[in-house]
Amino acid sequence: MVPDDNTNRVKIYILPGVYREKVYVPKHKPYISFIGDEDQVTETVITWHNKASDTDERGNELGTYRSASITIDSDYFCAAGITFENTVGTHPGAPGMQAVALRVSSSNAFFYRVRILGSQDTLLDEKGSHYYYQCFIQGTVDFIFGRARSLFQDCELHSIAKGSGAIAAHHRDKDDETGFSFVRCRVTGSGKSGKILLGRAWGDYSRIVYSFCHFNKIIAPTGWSDWSIPSRRKTAVFGEYHCTGKGAHTRGRVSWRKTFTDDEIKPFLGMEFIDGDQWLRL
């Protein structure tokens, strides 16, 4: 039993197996760690199958947020060596088929060698500062989305979209210091994957940056979308810095993407982006 308003880290070791259940870690239970086997991350799976159009016991639709298999409201949460999954399969953009595997709504969360599997809207990185290191994140459309300030380092972003798709959709208000920064990540897809976008402007001030990443050929030449709202081209911050691979050619990119100088990119590259020196201890 984890006491309310806990101030000491509580490590919960999870043995290999498939755990079919919805999991909720509440706000009043901080400093919790879920620890699996880092060498058997595919063998320790927490999985469920809700989608946005499903209904609760009162007959109300769950919506995207409540479709999550695992919801983390606990501050200073940590997970390692585990798979979080939503098994709902979908065609990209299908109405009511949003199906979140992991929703993170807490401050200062860390994920190490975690697999996050789904299709549409896989990872709801809702709010807070978060660090994802050596994680595998799979989906079709907007499979990383939210309002958080998050650093993704050395992760694999894997598309299973058979037609069009998109990796990230970020929402930011004008004065928010939030965004998604991807550093040394690999963007991959199966042989049947369609062309996908690097990001879409979910809000006027969306901010998504890829640095030193490797893109395979599944990246759409345009790279980015303004969500069919042209005014967002002036306020969204979308950019790529020293990326490589067959999908990294910028000849067909949208003209309004940002080009970073060496000095401008520095705040996006390390722990300072998430103020990690203040809360993260590796």
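Just so you know, all these numbers are worked out from the coordinates, no wet-lab data involved. What you are looking at is a predicted structure, and each value in this text was computed from that prediction instead of being measured. Ideal geometry is used to build each Cβ from the backbone, glycine not excepted, and the neighbour counts take in all protein chains shown.
Annotations
- Inter-centroid distance (Cα atoms) of the stretch 206-282 relative to the stretch 6-40, Å: 32
- For GLU156, the amide hydrogen comes within under 5 Å of the amide hydrogens of CYS135, PHE136, ILE137, ARG186, counting only partners 5 or more places away or on other chains and with H modelled in the peptide plane.
- Within the stretch 1-90, DSSP assigns beta bridges of which about 5% are antiparallel (rounded to the nearest 5).
- Rounded to the nearest whole Hz, the Karplus-based 3J(HN,Hα) values (6.51 cos²θ - 1.76 cosθ + 1.60, θ = phi - 60°) of the stretch 68-75 follow the sequence 4, 5, 10, 10, 10, 9, 6, 5, with x at glycine and proline.
- Within the chain, longest stretch clear of exposed GluC sites (Glu not before Pro) (DSSP loop, no more than 15 other Cβ within 10 Å): 58-176
- Note on LYS192: lysines with a C-alpha under 27 Å away, same-chain residues under 8 apart excluded, are LYS51, LYS162, LYS217, LYS246.
- Derived scalar couplings ³J(HN,Hα) [the stretch 23-34; Karplus, 6.51 cos²θ - 1.76 cosθ + 1.60; whole Hz; x for Gly, Pro]: 10, 10, 10, x, 4, 7, 10, x, 6, 10, 10, 9
- Cut-off 15 Å between beta-carbons: net charge of the residues surrounding ILE35, Lys and Arg +1, Asp and Glu -1: 0
- Whole-Hz ³J(HN,Hα) from phi, Karplus 6.51 cos²θ - 1.76 cosθ + 1.60, for the stretch 146-163, glycine and proline x: x, 10, 6, 10, 9, 10, 10, 10, 6, 9, 10, 10, 10, 8, 10, 5, 8, x
- Cut-off 14 Å between beta-carbons: net charge of the residues surrounding TYR205, Lys and Arg +1, Asp and Glu -1: +4
- Looking at the chain alone, DSSP beta bridges between its own residues are antiparallel in about 0 percent of cases.
- Shape category assigned to the stretch 3-67 from the gyration tensor of Cα positions, a/c cut at 1.5: oblate
- Amide H partners (placed H, <5 Å) of TYR24, local residues excluded: THR71
- Distances between placed amide hydrogens fall under 5 Å for GLY189 paired with SER159, all partners being 5 or more residues away or on another chain.
- Of the trypsin sites (Lys or Arg not before Pro) in the stretch 198-273, the ones in a loop by DSSP (not H, G, I, E or B) with at most 15 other beta carbons within 10 Å are LYS217, LYS246, ARG251.
- A straight Cα-to-Cα reach below 16 Å connects LYS11 with the lysines LYS29, residues fewer than 8 places away in its own chain not being considered.
- Restricting the stretch 4-43 to trypsin sites (Lys or Arg not before Pro) that sit in a DSSP loop and have at most 14 other Cβ atoms within 10 Å of their own Cβ leaves ARG9, LYS27.
- For log10 I(q)/I(0) by the Debye sum over Cα atoms at q = 0.10, 0.13, 0.15 Å⁻¹, the value computed from the atomic coordinates appears in the list (1) -0.48, -0.84, -1.13; (2) -0.62, -0.94, -1.14; (3) -0.60, -1.00, -1.27 under label (1).
- Only helices enter the 222 nm calculation for the chain: every DSSP H run of n ≥ 4 contributes -39,500 (n - 2.57), and dividing by all residues gives 0 deg cm²/dmol, rounded to 500.
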